[in-house]
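This report concerns only the one structure given below.
Coordinate-derived values only; no laboratory data. Just so it is clear, the structure is predicted and the values come from calculations on it, not from any experiment. Here the Cβ positions follow ideal geometry from the backbone for every residue, glycine too, while neighbour counts run over all protein chains shown.
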Amino acid sequence: MLPLLCRSHEEASDKPERIVVLLELKGGNDGLNTVIPYRDPAYQRARPRLAIREGPLLGEDLMLHPALASLMPVLKASRMAFVLGVGWPQPNRSHFKAMDQWATGSASGEGPGWFAAALARKRRSRTLVALGPSGSPALEGSDGLSVQMQPVWQHNPHAGKTRLPAVDPELAGDNAMLRSMLELEASGQAEVLRLLDSLGDLPQGLTIPRGSLGAQVAMALRLIGAPSPPAVIGLEHSGFDTHSQQIPRHNQLLIELADALVCFDAGLRRMNHRPKVALLAISEFGRRLNQNASGGTDHGSASVALLMGDHLPGRIVGRYPSLGDLDARGDLIPHVKPTDLYESAMTSWERLGGLMVL
């Protein structure tokens, strides 16, 4: 990711008002098999091979996928919630276009990353850090400094420093465009070095899950525990494009997700003087109601989002899209806009209070 610096840090306070952690479930998570309308006959008819029939109950009509059972204590403690019916109306079923829509917060998918632009509007020039292997376009562009870090550097920050090549803007000579690019790169490298020098310690006894997402969560906790943490941290968990063999693949992905979120919650609660933190887990689209012939599901529309933080409005936010009233393409109709989730994560969960809460 090319670091982007458009404004100095002179106006920024030392601590962000609220740290946002954006977790992207890439590939299109099947919301219907995450928070499950198990009592709806239409669900059972549409998915004779894929329907989930056992799991922790979330009220009378909904059930959580059994792979997420370890999250129930966090959910019952009101530090987690699920938002139902999230998405763009009739989204583009291309992964790339859909991810652009989510990144920019616009139906066109054009413009700067939503979180970078939001910080600019609030005149908060804090750093935005992507920890996932493919970066996070929602954190790029507009005013602010967007950098990408390697989670493995948490084990050896010195290795991260030594792997950064030297960048000297003076090498551009009279080439103004090249000089500008090198200055941006140098600013980004300086910020990465600052972050590596100021990482907080992980709480003693905290078990870090294996795998990419576990490493990202560990680095996120160390960044949050730093004296001057980033304003936004991007994480990613990939593999949710379950066109075939969905049952075992989705189960494993959700186990990894649950392990990482349990670790994240435990790490935050053990921190001394931690700042306010809001985590938002989203996916570029959901899956279709009907299973396909390959033991999976194809690209759909509405899905579920996951929230973590304090003062959540309830465990279930919003209403489940009707399984009997689909759009012209046969997809669930969303009723919660992605930008509403973004705004609430940046400011206050109270913005979701107008939705039905359970």
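Per-residue ellipticity at 222 nm for the chain, helices alone: DSSP H runs ≥ 4 residues times -39500 (n - 2.57), over residue total, nearest 500 deg cm²/dmol?
Dividing the helical sum by the residues of the chain leaves -9000 deg cm²/dmol.
Would you be so kind as to identify which of V152, G28, P209 lies farthest towards the positive end of the dipole of the chain, taking Lys and Arg as +1 and Asp and Glu as -1 on Cβ and the Cα centre as origin?
Going by the charge dipole, the pick is P209.
Label-point separation (nm) for T339 and R39, each offset 7 Å from Cα along Cα-to-Cβ?
Here the modelled spin labels are 3.6 nm apart.
Could you calculate the FRET efficiency of A107 with Q204 from 1/(1 + (r/R0)^6), where r is the beta carbon distance between them and R0 is 41 Å, rounded to 0.05?
Using R0 = 41 Å, I get an efficiency of 0.30.
Given 0.36 nm per residue, what is the gain on full extension from L178 to Q252 after removing their alpha carbon distance, in nm?
22.1 nm
Could you work out the relative contact order of segment 19-352, using alpha carbon pairs under 8 angstrom and six or more residues apart, expressed as a whole percent?
So the answer I get is 32 percent.
By how many degrees, 0 to 90 and rounded to 10, does the Cα axis of helix 246-269 deviate from the longest principal axis of the chain?
For helix 246-269, the angle is close to 50 degrees.
Given the pairs K122/K276; K276/K337; K26/K276; K26/K122, which span a C-alpha to C-alpha distance of over 20 angstrom in this model?
K276/K337; K26/K276; K26/K122
In the chain, what % of DSSP beta bridges are antiparallel (nearest 5)?
So the antiparallel bridges amount to about 40 percent of the total.
I want to check the label-to-label distance for D61 and D197. Put each point 7 Å from Cα in the C-beta direction and report it in nm to one decimal.
Computed distance between label sites D61 and D197 equals 5.7 nm.
For segment 18-40 and segment 309-323, write down the distance between their C-alpha centroids in whole Å.
Cα centroid of segment 18-40 versus Cα centroid of segment 309-323: 12 Å apart.
Considering the chain as a Gaussian network with a 10 Å cut-off on Cα pairs, which listed residue, A293, A98, A302, attains the greatest mean-square fluctuation?
Greatest mean-square fluctuation among the candidates belongs to A293.
State to the nearest 20 debye the size of the charge dipole of the chain about its Cα centre, where the only charges are +1 on K and R beta carbons and -1 on D and E beta carbons.
Using Cβ point charges on Lys, Arg, Asp and Glu, the chain gives about 860 debye.
Per 10 Å bin, what percent of the C-alpha pairs of the chain does each bin hold, from zero upward?
5, 25, 34, 23, 10, 3, 0
For segment 217-253 and segment 188-203, what is the centre-to-centre distance using only Cα atoms, to the nearest Å?
About 20 Å separates the Cα centre of segment 217-253 from the one of segment 188-203.
Kindly put D327, D30, D174, D310 in sequence by how many other C-beta atoms sit within 10 Å of each C-beta, fewest to most.
D174, D310, D327, D30
GNM on the chain, C-alpha springs below 10 Å: top fluctuator among E236, E110, E256?
E110
Sorting S348, S108, S301 on the 10 Å Cβ count, fewest up front, what's the list?
Exposure proxy ranking, most exposed first: S108, S348, S301.
Relative to the longest principal Cα axis of the chain, at what angle does helix 95-104 sit, 0 to 90 degrees, rounded to 10?
Approximately 60 degrees, to the nearest ten.
Amide H to amide H, which residues 5 or more places from R287 or on other chains are under 5 Å from it, using H placed in the peptide plane?
G31, L32, G300, S301
Determine the shape class of segment 187-243: with a ≥ b ≥ c the square roots of the Cα gyration tensor eigenvalues, call it rounded for a/c under 1.5, and otherwise prolate if a/b is greater than b/c, oblate otherwise.
oblate
Based on the mean of other Cβ atoms within 10 Å per residue, sort peptides 315-325, 257-267 so the most packed one is first.
Listed from highest to lowest mean packing, they are 257-267, 315-325.
Neighbour counts of other C-beta atoms within 10 Å: give me M99, M177 arranged from fewest to most.
Fewest-to-most Cβ neighbours within 10 Å comes out as M177, M99.
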